[in-house]
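In what follows, a single structure is set out as structure tokens and then discussed.
Every read-out reported here was derived from the displayed coordinates using simple, explicitly stated rules and does not represent laboratory data. Quick caveat: nothing in here was measured; it's all calculated off a predicted structure. All Cβ positions, even for glycine, are placed from backbone atoms using ideal geometry, and neighbour counts span all protein chains on display.
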Amino acid sequence: MAKDYYKILGVEKSASEEDIKKAFRKLAHQYHPDKSGGDEAKFKEANEAYAVLSDKEKRRQYDTFGSAGPGMGGGSQGGFDASDFGFDFSNFSQAGFDAGDLGDILSSIFGGRRVRRGRDIAVDIELSFQESIFGAERKVVINSKFVKQKEVGIQTPPGIDNGQMIRMAGLGETLEGGVPGDLYVKVHVRRHPTLRKEGYNLVMDLDIKLSEALLGSERRIATLDGELTLKIPSGTNSGTILRVKGKGVPHVPASSGIKGGRGDLYVRIIVKMPERLSKDAKKLIEGLREEGL
């Protein structure tokens with residue numbers, strides 16, 4: 001079920017950045033595990049909500065797609081720790097989280113004592129082109145010097161792009177009495193032999209014969225939803241684009257609970273000219289030329 005981050009923080013959808021920060025400050029003070037009566041689960045939930053709503057781009061994506069949308073955080077076996085490769089994700093603000101800001105908030109709550117934050121962990125997963133379009137589930141095993149071996153389930157949103165990062169709040173290194181780090185999942189999408197993604201649409205090229213272009217024909221083409229028959233009108237020029245409605249990328253994830261549509265499939269026609277002509281074919285073409293064609 002999609003999470004309502006505004007409800008978690010107790011603010012309206014029109015809340016300002018300052019309102020969101022104040023709401024998180026209040027919840028962090030109330031639920032932090034170090035405090036008497038604290039609630040670690042609710043603290044993590046508030047942390048996740050604040051990480052999204054405090055970032056303009058993440059908030060825009062969330063308002064459009066919900067908590068299961070691209071980059072909201074929802075394979076290969078065995079994860080890797082980014083620090084082993086010289087990377088430091090501790091201030092990965094592009095992913096929608098400012099660790100320094102959180103540290104300042106928690107510092108003010110606990111009388112100026114700086115609360116430590118666990119390291120972020122990064123893993124890679126690979127998806128087929130079809131899985132990237134419709135979404136997929138993956139399980140990865142994280143095993144690094146910072147995190148005890150554990151299996152994590154990952155749900156990728158529909159339409160995710162190659163190289164896109166998914167942030168999973170609180171699944172990184174856990175420090176006793178500190179704030180847990182996050183897990184970052186980098187997605188690698190295998191290329192499709194005929195299809196490519198352009199926004200919410202899919203595009204493919206289709207080679208046809210000269211006779212098919214002149215007289216028209218029907219061709220069976222493979223889509224992500226199975227084969228279908230494409231009607232090619234007579235007199236079709238090379239470069240003509242034919243549209244197949246509703247066979248593109250889903251607009252919104254099914255898990256969001258919102259019934260959405262899909263983009264379209266665009267087929268670019270390429271008329272293949274024959275390299276050689278038989279004597280009979282040449283006579284026929286000459287006849288066409290005499291007819292002014």
Grab the Cα-Cα distance for Q149 and I241, subtract it from 0.36 nm times how many residues apart they are, and report the gain in nm with one decimal. 28.0 nm
How many nm is it between the label spots at E18 and D280, if each spot is 7 Å from the Cα in line with the beta carbon? 8.6
In this structure, the FRET efficiency calculated for E290 and K209 from their beta-carbon separation, with R0 = 30 Å, to the nearest 0.05, is 0.85
Low-density loop cleavage sites - trypsin sites (Lys or Arg not before Pro) in the stretch 152-209, where at most 15 other Cβ are within 10 Å (DSSP): R190, R191
